[in-house]
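For reference, the structure discussed in these notes is given below.
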Amino acid sequence: MPTRADRRDAFCAGALAVLTILTRLPYRARMLYNWDAVQFALALREYDVVKHQPHPPGYILYVVIGRLVDTWLRDANASYVLLAVVFSGLTTFVVYYVALTIYDRSTAVASALILAVSPLFWFYGSVGLTYAGEALFASVVAYFSYRALRGSEMDAWLGAGYLGLAGGMRQSILLLLFPLWLGSVLVGVRRARTIVIGLGIVTAAALAWFVPMIWLTGGLGRYLEASRDLAETVVRPTTIVTGPFDVTLRMSRYVLESILVGLGPLALAVVLLPWYGGRYGWTRREAFLLVWTVPSVLVCTLVHFGQAGYVLTFLPALVILLSRVLLRALADASGRLALPRARSALTTAAVVMVVLVNGAFFVSARPLVRDFDAARAGWAQTARDDAFDWIWSRTAAALREHEAVVETFVTAIRGLYDPADTAIIAELGNRRSYPWLRHAMFYLPEFTIYEIRVGELPPGYYAPRTAHAMIVSAGSEIRLPATITRLVWFVDHWSPDSERPPGLTEIELPYGRFLYALPVGRRFEHAGYTFVKEEPERPARHRAAR
C-alpha cells in the first residue's frame, strides 16, 4: 500500500510533468523545423528508408506512434510536436524518480525542475523531432538499470525490455545505453541467468520493430545499402578514424556548447566536483551517472555529432549529478546559519536562480544576426558562427524566426511563380544557406525541384520526382521539363562560390533572406552544371502524319 511519502513523490513528479507540458504548449513549432523533421513527416505518407522517409537507421517506432497520432490530428508537424511535448513531460516525471532512487527527494525536485526549464530540453520538447523521446527512453532504461544495480533481477529484465524497444525510437540508444544496463546487471545482480535472459529480452524487443522495418524497406539488402550510403556521406567524414582531426575538435566544441546550453548556470557546479569527491567520496551512484554519460560523449565527439539534441541522451544524468553537488555544497555552506528556515531558503534561492536564468534565456533571448560581410579575425568569426548555430538558435525567438523564414519563402514562391513553368533549385554545400530541399518538397510539392551540390562538394544533383532512392545522381547535366522557363533558388543567400549569371533577379525578403529568379532558354550553364530543356512533345496528329 502506498505510503504518505509515496503519494507525495507521485504528486511532485506529476506536478512537474504537467508544468513541463504546459510550458511547451505556447512555444510549440507550427512548421516542420529542419531536414530531419520533414523526413519524418514524409514517412507518414510513405515509409521508405531508402528514400530517407525517414533516413537510416529507420526510427520505426517513432514513425508508428506518429502515424497513430496523425490519424487524429491530420497534421504531420502537429502530430510529432505533440509527441515531443508529451515525451518531455514524461521525461521530467521519470527523471524525478531516477534522482529519488539514486539520492533523495530534494535532489529529485531540483533535478526535475532544472531539467524542465533547460533551454535545450525545452527547445527539443517544442519541435517535431525524436530527441525528447530519446531522453525519455534513456531515463527509463537508467531507472531500471539502477534498480538492477541494487540487486533487483526483475528490474534488470524490465530495463532490458525498454532498452530493446528504445532502439525503435532511436537506434543509437541501444549502443549508448547497453554498457549502462549490462554493467549494472553484472555488478548488482551477479547472476549469469539474469544476463542471458536479459540479452534474450533485448533481442526479442529489438526484433519486434526491426523485422517490420526491414519488411517495409523492401528487404535487408536495400536497408543496408541505404545505411551504408548515409554512413559514407555523413558519418565517415566526421569520425576520428577516417576524418580530419580538426573535425573532431570542432565536434568536441559543438558538444561542449550544447551541454552548456542544456545546463545553463548549473554548469558552474562542475568546479565543485573535486570538493564533492573529497568530502563525500565517489560511490556507485556517481559511477552509475558517469557510465550513463561517457559512452554518449565519446560517440558524439569521436564519431558524429549532427544536432544538439544528441545531448539529451545523457543530459538528465548530468543534471542529476550536478544538482546533487550543488545541494550538498549549499547544505555545507548554510550549516553555519542558526535557523533551519534560513538554510532551506538559501538552497531554494539557488535552485530558483538556475530555473529563472534558464527559463529567461529560452523565452527572452533573441537570435544573433548573421553578417557574412563583416571582416573579423578567424577565431572571432568562428566564435560568432558557433554562437549563432549552437547557442542562440535554441530559443523560442529563434524558433519563431526560423518558422517565419520558411513561411516567407513558401508564400513568396507560391505567390509569385507558376509551378507549370518554374523549377526550384536548392543547394547543398552553400556556406551561406541552409539546405532547404526537404522543405521545398513538403511545402511546395507542385513544383519541379532539384538540389545541386556546390562549393567544395563534388558535382551531383538530386531530382525528387524521378529518384527512387535518396542517392545523388552523378554528372553535371540536368534535364529540365520542356515547359520550364524560369529557375528560382530556394536559398538564404547566394553562394559565394558561384558566379551570378546574367539576368538573375534578386528579391529581398524579410529576415535578411533573398529570392533569386532567372529566366532560362534551351540551354543554361551554372556552377559547373548544364541545364538542358527536353524537347516538347509533338501533338499526336503530327506524329501520325509522319
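Worth pointing out:
- Within the range 275-296, one or more residues are modelled with pLDDT of 95 or more, closer than 21 Å to PRO56 by Cα, out of contact with any His (no Cβ under 7 Å at 6 or more places or on another chain) and surrounded by 20 or more Cβ atoms within 10 Å (Cβ to Cβ).
- Pick from the range 390-413, criterion over 16 Å from GLU257 (Cα atoms) and hydroxyl-bearing (Ser, Thr, Tyr), ranking: surrounded by the most Cβ atoms within 10 Å (Cβ to Cβ): THR408
- Boolean, VAL410 is under 30 Å from ASP385 (Cα atoms), touching a helix residue (DSSP H, G or I) at 6+ places or on another chain (Cβ under 8 Å) and free of Cβ contacts under 8 Å to residues at least 40 places away in the same chain: yes
- Scanning the range 96-140 for residues that are surrounded by 24 or more Cβ atoms within 10 Å (Cβ to Cβ) and either outside the structural domain of ALA160 (by TED's automatic domain parsing) or outside any helix (DSSP H, G or I) (or both) gives SER118, GLY125, SER126, VAL127, GLY128, LEU129, THR130.
- Residue in the range 74-87 that is of a type outside the set (Gly, Ala, Ser), crowded, with 18+ Cβ neighbours inside 10 Å and farther than 24 Å from TYR162 by Cα present: yes
Here's the yes/no breakdown for (1) in the same structural domain as TYR511 (by TED's automatic domain parsing); (2) β-branched (Val, Ile, Thr); (3) in contact with a Phe, Trp or Tyr (Cβ under 6 Å, 6 or more places away or on another chain); (4) exposed (fewer than 15 other Cβ atoms within 10 Å of the Cβ):
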{"residue": "PHE388", "(1), (2), (3), (4)": "no, no, no, no"}
{"residue": "GLY415", "(1), (2), (3), (4)": "yes, no, no, yes"}
{"residue": "ALA426", "(1), (2), (3), (4)": "yes, no, yes, no"}
{"residue": "ARG431", "(1), (2), (3), (4)": "yes, no, no, yes"}
{"residue": "PHE442", "(1), (2), (3), (4)": "yes, no, no, no"}
{"residue": "TYR461", "(1), (2), (3), (4)": "yes, no, yes, no"}
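- Taken over the range 221-268, the criterion of being touching a residue at least 24 places away in the same chain (Cβ under 8 Å) and aromatic (Phe, Trp, Tyr) is satisfied by TYR223, TYR254.
- When VAL369 is tested against (1) touching a residue at least 40 places away in the same chain (Cβ under 8 Å); (2) under 21 Å from MET31 (Cβ atoms), just one condition goes unmet, and that condition is (2).
- Top-ranked residue of the range 170-219 - restricted to ones that are of a type in the set (Ser, Thr, Tyr) and within 30 Å of the chain's Cα centre (by Cα), ranked as surrounded by the most Cβ atoms within 10 Å (Cβ to Cβ): SER184
Okay, residues lined up against (1) at pLDDT 95 or above; (2) of a type in the set (A, V, I, L, M); (3) in contact with a Lys or Arg (Cβ under 9 Å, 6 or more places away or on another chain):
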| site | (1), (2), (3) |
| --- | --- |
| GLY164 | yes, no, no |
| LEU177 | yes, yes, no |
| LEU180 | yes, yes, no |
| VAL185 | yes, yes, yes |
| ARG191 | no, no, no |
| ALA208 | yes, yes, no |
| SER227 | no, no, no |
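- Cβ pairs under 7 Å, 6+ apart, first in the range 1-18 and over 13 Å from ALA108 (Cβ atoms), second surrounded by 14 or more Cβ atoms within 10 Å (Cβ to Cβ) and not aliphatic (A, V, I, L, M): VAL18/GLY89
- Of the criteria (1) part of a helix (DSSP H, G or I); (2) touching a Pro at 6+ places or on another chain (Cβ under 7 Å), which one ARG228 fails: (2)
- Of the helices (runs of 4 or more DSSP H) entirely within the range 144-220, those holding at least 2 residues that are without any contact (Cβ under 8 Å) to a residue 12 or more places away in the chain, within 17 Å of HIS55 (Cα to Cα) and in the same structural domain as VAL294 (by TED's automatic domain parsing) occupy 192-217.
- Residue in the range 525-533 that is assigned to a loop (DSSP other than H, G, I, E, B), assigned by TED's automatic domain parsing to the domain that holds VAL406, at pLDDT 90 or above and buried (at least 16 other Cβ atoms within 10 Å of the Cβ) present: no
- Among the numbered conditions (1) closer than 30 Å to ALA387 by Cβ; (2) surrounded by 15 or more Cβ atoms within 10 Å (Cβ to Cβ), the only one that ARG222 does not meet is (1).
- Qualifying residue in the range 123-143 (condition: β-branched (Val, Ile, Thr) and in contact with a Lys or Arg (Cβ under 7 Å, 6 or more places away or on another chain)): yes
- Selected residue (criterion: nearest to TRP209 (Cα to Cα)) from residues of the range 1-53 that are surrounded by 19 or more Cβ atoms within 10 Å (Cβ to Cβ) and of a type in the set (Phe, Trp, Tyr): TYR47
- For the range 455-489, taking the residues that are hydrophobic (A, V, I, L, M, F, W, C) and part of a strand (DSSP E or B), the one that is nearest to LYS533 (Cα to Cα) is identified as LEU480.
- Of all residues in the range 415-446, those being farther than 20 Å from LEU509 by Cα and of a type in the set (A, V, I, L, M, F, W, C) number 4.
The values are calculated or read from the model by the stated rules, or taken from the named source; none is laboratory data. This structure is a prediction, so every number in the text was calculated from the model and none was measured. Neighbour counts run over all protein chains shown; Cβ positions are idealised from the backbone, glycine included.
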